[in-house]
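Report on the structure given below.
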Amino acid sequence: MQSENSIGPDTARTDRWGQRARGLACVGAIALLLVALLVAGCGAPDRPLVAFENAPRALNAQSSRDPQLLVRASGAIALLAVEEASPDGEDLRLYLSPSGGDVFTPGPRVNHWEGSVRSHGEGMPLLLEGTEGKFYAIWLGRRGEGQRGNVIRVARSDNFLKSFEPAAELGASSGRGPGPAFFDATVAPDGTLIVAWLGEAPGKTLSGSSHVLVSSSHDQARSFSPPVAAASDVCPCCRPGLAADETGRWFLAWRNMDEDDVRDLAVAASTDRGVNWSSAMTMPGPSWQIDGCPHSGPSLRVLQGDLFVTWYTEATGQSRLYWSRSSDGGRKFSAAADIAGEILDPNHPRLAEVDGRLFVVFQGRDPLAEGSWGASRPFIRAIGPGEHSPPVPVPHGEGSASYPVLSGLGAGRMVVAWTDTSQSGSRVLTARGRIPGAPSAP
């Protein structure tokens, strides 16, 4: 008989198996901890940057292109689009969606002269919100009957986009000149409307180059200042870029041009409402020498006092998008940082602020689709210090996407719009996304 303190063979076997199981459990726990630490050390994201709806939505059943977005404080989305006019020509139509993008209904035609709108990727219409409840539409248009060339038209809405006043005109050339074709505009924090375009001005320039002309309105587009030539020897086919900050500084970017056909991006600043401009600062990164027109302009944005600039280049022998930041008013810039990563043929970047973060939307091709020759589609990514997520594809249509634009909807939401072009024609598509973990809308 065994004593109470003795251990029989069954009890000893059970104890040994228990010790072994506890040991294996400890080893397993340590292994899982090491894997977790390894994943964290590699910086693997725990959720996507943006989660988009499953499929894009068409603006309407008609042919449309070259959209611009604006989101009002109420959350209603305004979308400006170019449409075919009858019997010929094109019109500029405003669409409104009080449902957050579920459905868009047609609003007013912006151009008073039917069929007079002209638009292309580097000269797309713009829709801007001013101060004191004012909104502005800016576009290229044909001049009056019997006149040649283009003109920039600026129309103001005083009734929250229900209608637009007759447009003011800018940039009309003298004689038989073609007039402006490439332009940008912005509203400064103090309400000043600033417009920049490529055109002719007095002074010697390189053959085939342009000037950048800047004009502004301090009375809500009722009148504009005489244009100032801010820069000469400018690439004649790349849209300029504009931005303004809270301190009264205006920023202007353009693609330079020299005798060796180096066409790098340059930035200048003005502290006296565009009367004088600083010496041009060339953006960092490799120089691009090209005997031709890139047809790709920059995008500028001021966020928390810093100036951000994005641009396109083929200086490395491949299509690349870069961004850089200045914290001292455009005097010095950070090293050029890549935007698109492995995305092929990226182009036409546009910056937008979404809930205090800076995002860039651009077009490009999926490197794994159709032998790297899939249709161009929109992509977005966040840029700036601490932003390391890769580009996120936006659900696309049947055709090829071009010139996408982006706007925040508040509460961690955004909307992207672009022109989708296929064999059946062009149409405007939109897609909405959410930033996981962001606060929900009230």
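We did not get these values from a lab; they are worked out from the coordinates using the rules stated. Note that the structure is a prediction, hence the values are computed from the model and not measured. Cβ sites come from the backbone with ideal geometry, for glycine too, and all protein chains shown count toward neighbours.
With θ set to phi - 60°, apply the Karplus curve 6.51 cos²θ - 1.76 cosθ + 1.60 along the stretch 269-276 and write out the HN-Hα couplings as whole Hz, x wherever there is a Gly or Pro.
For the stretch 269-276, the Karplus curve yields 10, 10, 10, 10, 6, x, 6, 10 Hz.
Shape of the stretch 365-442 from its Cα gyration tensor (a ≥ b ≥ c, root eigenvalues): rounded if a/c is under 1.5, otherwise prolate when a/b > b/c, or oblate?
Working: a/c = 2.71, a/b = 1.51, b/c = 1.80.
It comes out oblate by the Cα gyration axes.
Give a residue-ordered list of calculated ³J(HN,Hα) values for the stretch 202-209 (Karplus: 6.51 cos²θ - 1.76 cosθ + 1.60, θ = phi - 60°; whole Hz; x for Gly, Pro).
x, x, 6, 9, 5, 4, x, 8
Where a ≥ b ≥ c are the square roots of the eigenvalues of the C-alpha gyration tensor, would you call the stretch 307-440 rounded, which needs a/c under 1.5, or, failing that, prolate if a/b is larger than b/c, or oblate?
oblate
Please list, in chain and number order, the residues 5+ apart from Gly285 or on another chain whose amide H is under 5 Å from its amide H, with Hs placed from the backbone.
Residues meeting the criterion, in which the H sits 1.01 Å from N, are Ala336.
What spacing in nm lies between the two simple spin-label points modelled at Glu246 and Ser74, each 7 Å away from Cα in the Cβ direction?
Placing both labels 7 Å beyond Cα along the Cβ direction yields 2.8 nm.
Per residue of the stretch 114-131, what does 6.51 cos²θ - 1.76 cosθ + 1.60 with θ = phi - 60° give for ³J(HN,Hα)? Whole Hz please, x for Gly and Pro, Karplus curve as stated.
4, x, 9, 7, 10, 8, 8, x, 8, x, 6, x, 10, 10, 10, 9, x, 9
Remind me, what semi-axes does the stretch 128-207 give for its equivalent ellipsoid, largest first in whole Å, using sqrt of 5 times each Cα gyration tensor eigenvalue? Let's see the in-between values first.
On the way: eigenvalues 146, 57, 12 Å².
That gives 27, 17, 8 Å for the three semi-axes.
Magnitude of the Cβ-charge dipole of the stretch 122-222, K/R +1 and D/E -1, about the Cα centre, nearest 20 debye?
Working: 10 positive and 11 negative charges, 84 e Å.
The dipole of the stretch 122-222 has a size of about 400 debye.
Give me the distance between the Cα centres of the stretch 337-380 and the stretch 129-184, rounded to whole Å.
31
At 222 nm, what value in deg cm²/dmol follows for the chain if DSSP H runs of at least 4 each add -39500 (n - 2.57) and the sum is divided by all its residues, to the nearest 500? Intermediate values should be presented prior to the final figure.
Numbers: 1 runs with 33 residues, N = 442.
Value at 222 nm, helices only, nearest 500: -2500 deg cm²/dmol.
Dividing the convex hull volume of the alpha carbon atoms of the chain by its residue count, what do you get in Å³ per residue?
215
Round to the nearest 10 and give me the degree value, 0 to 90, for the angle of helix 9-41's Cα axis relative to the longest principal axis of the chain.
The angle comes out near 10 degrees.
On alpha carbon coordinates alone, what is the Rg over Rh value for the stretch 257-376, Rh being the Kirkwood radius?
When Rh is taken as the Kirkwood radius, the ratio is 1.00.
So for Cys238, Cys293, fewest C-beta neighbours within 10 Å to most, what's the order?
Cys293, Cys238
Can you list the residues, at least 5 places off or on another chain, whose amide H is less than 5 Å from the amide H of Gly297, using H built in the peptide plane?
Result for Gly297 returns Arg239.
Which value, in debye to the nearest 20, gives the size of the charge dipole of the stretch 275-413 about its Cα centre, when Lys and Arg are +1 and Asp and Glu are -1 at the Cβ?
The calculated dipole for the stretch 275-413 is roughly 380 debye.
Would you order Glu90, Glu165 from fewest to most other beta-carbon atoms within 10 Å of each residue's own beta-carbon?
Final ranking by Cβ density, sparse to dense: Glu165, Glu90.
Please list, ordered by chain and number, the residues whose modelled amide H lies under 5 Å from the amide H of Ala231; skip anything fewer than 5 residues away on the same chain.
Here Val212 satisfy the definition.
Grab the Cα-Cα distance for Asp355 and Thr282, subtract it from 0.36 nm times how many residues apart they are, and report the gain in nm with one decimal.
23.3 nm
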